[in-house]
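The values are calculated or read from the model by the stated rules, or taken from the named source; none is laboratory data. Being a predicted model, the structure only gives us computed values, none of them experimental. Glycine also receives a Cβ, built like all others from the backbone with ideal geometry; neighbour counts cover every protein chain displayed.
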Amino acid sequence: MQRKIWNPPFSLSVLGFTLLGITLCVLVMSASVNAQLPDDAMEIVRERQLTPDDIKAALATYTPTGRHDEYVMFTSGGHSGQVIVIGMPSMRILKVIAVFTPDPWQGYGYGVKDAPLDASNPGVTVDGQTLTWADTHHPALSETEGDYDGQYLFINDKANGRVATIDLRDFETKQIIKNPVALNDHGATMVTPNTEYVIEGLQYAMPLGNEYAPISEYKSKYRGLMTFWKFDRERGRIDEDQSFAIELPPYWQDLADAGKLSSDGWIFCGSFNSEMATGGVEDGNPPFEAGTAERDMDYLHLINWRRAEQAFKDGKVEKIKDFPVITLETAVAEGILYLTPEPKSPHGVDVSPSGNYIVVSGKLDPHVTVYHINKIEKAIVDKDYEGLDDYGVPILSFDAVLEKQIEVGLGPLHTQFDNQGYAYTSLFLDSAVARWTLGPDAKYKAPERPWRLIQQLPVHYNIGHLVTAEGDTVEPDGKYLVALNKWAVDRFLNVGPLLPQNLQLVDISDTGDNMGLLYDLPLGIGEPHYAQIIKADKLSAWEIYPEVGWDSINQQKHPKAAEKGSIKRDGNTVEISMTAIRSHYEPEIVEVNKGDKIILHLTSLERTYDATHGFALPAYNITASVEAGETVTLDFVADKAGVFSFYCTEFCSALHLEMAGYFLVKP
Ligand code: K7E
Ligand code: CUA
């Protein structure tokens, strides 16, 4: 698995470098730079032992200072609980968005009132326990007519069954909600084509509503769940009051995808424990890994979300923990839920850009299995069932809905698409990306050789998800693919036994078997699972907040914003309006009594791009960030007597160190 460095013997080496020189000239000329490759550049090539492919990759990704990237990738931060924003093709990290985990730099989770991580938020303090981390898996960009619109990003917390909303006007988290019925999730988040709903699927079946039931009552008491969170675009919030869930059999529902165009209205969701294994290796039972893999087939779930929405609106729901849930019985009676077999321990399910093909990967099957939406819909109309499952759910006959099975390699997990009629499947066991051709599809010119494996590109190593540019939309861009590899092994310098993930940028612009590696990005902050790549010009984030006194949590003028400093006392409550501008706060001296309740509104008067101030109050565990124009409110009790020097944490000006004050608390 060692990367071969191109290091030929001397005579060959001369020839090699001549060839290399020619390659470089061609490359340089194609960039319409009218220059010979300078000697010192050749010197670098020799010294660093670069191959022609290395040089091509370097030229394809190197981004000179001030030049901006063409694409932006949002990748989950895994158990860091954050989202990482990466420019492409440079693969430079632009930002880490704090989502479920406190972040001092962004002043997120350290005292700002009403921020999503405020302990009073029921999405954060659950049953008295404040959660300070998450296992983020699947980011989803908001869509309009099936295409990314650049407005919002959603991401789930697998560990605790939560969903967060990020506003892409300022790249800040606005909302965290806890699913009241489900403990965990996984097949989430993803959106319906107009972001009507953000979908969240439960992973490990449980007694719904977090009740207790012994494992011996698994079949009768444990259930799966899919939740439909209604998105209110105007407010930029998930509207919990318009949301509902569907009860599912306890099959460990896994990845899901929303139908689009021809399959709009459907949700497809895989599952991997149709055996309903209950583990117990300590009692001599097969462990879950064996118990869940006994049958040759599991069930792909087909959920008609428009019918589900209608049933919810008609009140055909039961309340669990006050949350409306469509029961399994209703789901069957209303034609909301169907199953169809899918091969052994499936993982990913992905809908092609036209909506016609639904691609499923069985982790223990070297094939991808492709279904056609027309066949699925026909089988439903014809009631072409091979039976009912234990819960009365119709199982569509596999032969009736199957379009094709293509052998792509070992351990297929996830599939993405481009604009040339290719599909790309990650091969975990083979450590490779498989490129294969889709069948005839109205959307693209029919491939000359449909349903063929075209290339397996080795990646390093143990790839999980892969993502192509706008690959989840009705209009993928092709061009780039990123392999999100779980293991890095020998790719980087040794940093101890806990290694970074390796995100590898792949060039997929060429047709045929010409995919090539361009860049390795080590990410040493949790395990990214999935990502979304959007054309950078679809994003239009603010440079500064729209006006001075902006409440970025609610995206409106802050009711307590003030452009002058003031201190007002009312009994034991001290309300302070503080301003910040280079390089002072006003007021600078605040004197209160021990036990006073402090409400501090901090407003940045700045109107300059990138003029950020911070506010650190030691011993009180408070740190805030105020970007140009922003007002934040800090709310705390002055329960420690003493002299506390507060100061600005951003090096905002030459006299930044002078941007300080005293918070005096009289005993
Ligand atoms: Cu395959 Cu959580 Cu999307 Cu990870 S899941 S790889
Ligand atoms: Cu404001 Cu440093």
Count of the stretch 565-594 residues which are under 28 Å from residue 654 (Cα atoms), over 41 Å from the mean Cα position of the chain (by Cα) and assigned to a loop (DSSP other than H, G, I, E, B) = 2
key: Enumeration of residues in the stretch 650-661 that are buried (at least 17 other Cβ atoms within 10 Å of the Cβ) and either within 16 Å of ligand 1 (Cβ to nearest atom) or free of Cβ contacts under 8 Å to residues at least 60 places away in the same chain (or both)   = 650
task = Select from the stretch 423-450 the residues that are crowded, with 17+ Cβ neighbours inside 10 Å and not in a strand (DSSP E or B) and write down the one among them that is nearest to ligand 1 (Cβ to nearest atom).
result = 428
ask   = Does residue 255 meet the test of being among the aliphatic types (A, V, I, L, M), buried (at least 24 other Cβ atoms within 10 Å of the Cβ), in the same structural domain as residue 338 (by TED's automatic domain parsing) and out of contact with any helix residue (DSSP H, G or I) (no Cβ under 9 Å at 6 or more places or on another chain)?
value = yes
note = When the stretch 621-654 is checked residue by residue, the ones that are more than 16 Å from ligand 2 (Cβ to nearest atom), in contact with a strand residue (DSSP E or B) (Cβ under 6 Å, 6 or more places away or on another chain) and not in a strand (DSSP E or B) are 638, 641
task = Within the stretch 462-516, track down each residue that is part of a loop (DSSP other than H, G, I, E, B), among the polar types (S, T, N, Q) and closer than 24 Å to residue 430 by Cβ.
result = 462, 509, 511, 514
task = Select, from 163, 72, 96, 83, the only residue that is of a type in the set (Val, Ile, Thr) and in contact with a helix residue (DSSP H, G or I) (Cβ under 9 Å, 6 or more places away or on another chain).
result = 72
ask   = Mind checking whether some residue in the stretch 169-187 is buried (at least 17 other Cβ atoms within 10 Å of the Cβ), under 20 Å from residue 259 (Cα atoms) and aliphatic (A, V, I, L, M)?
value = no
Filter pass, residue 534 being surrounded by 14 or more Cβ atoms within 10 Å (Cβ to Cβ), in contact (Cβ under 8 Å) with a residue 12 or more places away in the chain and either outside the structural domain of residue 166 (by TED's automatic domain parsing) or within 16 Å of ligand 1 (Cβ to nearest atom) (or both) = no
remark   = residue 608 vs (1) hydroxyl-bearing (Ser, Thr, Tyr); (2) farther than 24 Å from residue 95 by Cβ; (3) within 15 Å of ligand 2 (Cβ to nearest atom); (4) assigned to a loop (DSSP other than H, G, I, E, B): all pass except (2)
query = Which residue out of 218, 197, 212, 204 is modelled with pLDDT of 95 or more, surrounded by fewer than 20 Cβ atoms within 10 Å (Cβ to Cβ) and within 30 Å of residue 415 (Cβ to Cβ)?
reply = 204
request  = Determine whether residue 193 is part of a loop (DSSP other than H, G, I, E, B) and more than 20 Å from the chain's Cα centre (by Cα).
outcome  = no
Selection count where residues are touching a residue at least 24 places away in the same chain (Cβ under 8 Å) and either surrounded by fewer than 18 Cβ atoms within 10 Å (Cβ to Cβ) or within 16 Å of ligand 2 (Cβ to nearest atom) (or both), scope the stretch 127-146 = 4
